[in-house]
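Read the structure below first, then the notes.
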Amino acid sequence: MVSISTPSGGASPGTTIASGGGLADRYAAALYAHAEDVGVLDAVVAEMEQLGKLIQASADFRRLIESPLIDVNQASRAALSVLEQAGVGKPIRDFVGVVAGNRRLRSLPTIVAAFAALVAEKRGVVTAFVASAHALNDVQRQQIRARLIEAGYGNVNIVEQLEPELLGGLVVRVGARLYDTSLKSRLQRLQYAMKGAA
């Protein structure tokens, strides 16, 4: 069962989730502006969603783009090959090529999330970033959406992020609001409490 309090809640002590920010936002804004200018925005939005799902679904692909040990040129060629095989169109392949050429391939998941947030903002949709240690199933997604609606968020777009270091539970960020029920956070709070009691 997913539990999310009302929007008046704040962040749990000692817990944070990265918001993307700066670099990712700049890449996302540039892609959005270019796609809008050349009249392919809907196609680019759909393909960025496809790219996000590919990153979530394929541990091998995540390792490829995140590994600092793989030569940047090899990683770029391999990533573009994977995208072509997955049927991702030329505009997104070109964009990923630019990201890779700028040695920012490791930032690709954050850029995809920032792009989704920008699209949602432009369309008047609230974006909820949901980080979990394991991929969510459909029932969990429905529960999260229902809890967010109960908490006062109407039209919600859920952007999923895999973060194995959370161990279990969820971290949900909506704007400046943070709801952290992760096992990692609970263990940290327990550790702090034990230190205080010593």
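Looking at the structure I just gave you, is Arg189 surrounded by fewer than 16 Cβ atoms within 10 Å (Cβ to Cβ), within 16 Å of the chain's Cα centre (by Cα) and in a helix (DSSP H, G or I)?
It is false that Arg189 is surrounded by fewer than 16 Cβ atoms within 10 Å (Cβ to Cβ), within 16 Å of the chain's Cα centre (by Cα) and in a helix (DSSP H, G or I).
Given the conditions (1) surrounded by fewer than 16 Cβ atoms within 10 Å (Cβ to Cβ); (2) modelled with pLDDT under 90; (3) in a helix (DSSP H, G or I), and given that Ser81 satisfies all but one, which numbered condition is not satisfied?
Unmet condition: (2).
Could you count how many residues in region 147-178 are without any contact (Cβ under 8 Å) to a residue 40 or more places away in the chain, over 13 Å from Val126 (Cβ atoms) and in a helix (DSSP H, G or I)?
Total satisfying the criteria: 3.
(1) over 19 Å from the mean Cα position of the chain (by Cα); (2) under 26 Å from Met48 (Cα atoms): which one isn't true of Gly196, the others all being true?
Only one criterion in (1) over 19 Å from the mean Cα position of the chain (by Cα); (2) under 26 Å from Met48 (Cα atoms) is unmet by Gly196, namely (2).
Let me confirm something: among Gly175, Gly169, Gly152, which residue is at positive phi and either of a type in the set (Asp, Glu) or touching a helix residue (DSSP H, G or I) at 6+ places or on another chain (Cβ under 9 Å) (or both)?
Just one listed residue meets the conditions, Gly169.
Residues in region 102-110: is at least one surrounded by fewer than 18 Cβ atoms within 10 Å (Cβ to Cβ), in contact with an Asp or Glu (Cβ under 7 Å, 6 or more places away or on another chain) and either modelled with pLDDT under 90 or not assigned by TED's automatic domain parsing to the domain that holds Val174 (or both)?
Yes.
Among Ala133, Ala146, Ala120, which is in contact with a Ser or Thr (Cβ under 9 Å, 6 or more places away or on another chain) and farther than 17 Å from Ile55 by Cβ?
Ala120
Exactly one of (1) part of a strand (DSSP E or B); (2) surrounded by fewer than 20 Cβ atoms within 10 Å (Cβ to Cβ); (3) touching a Phe, Trp or Tyr at 6+ places or on another chain (Cβ under 8 Å) is unmet by Ala128. Its number?
The one condition Ala128 does not meet is (2).
The values are calculated or read from the model by the stated rules, or taken from the named source; none is laboratory data. Given the structure is predicted, the values throughout are model-derived calculations rather than measurements. Because the Cβ atoms are built from the backbone with ideal geometry, glycine has one as well, and the counts that use them run over all protein chains shown.
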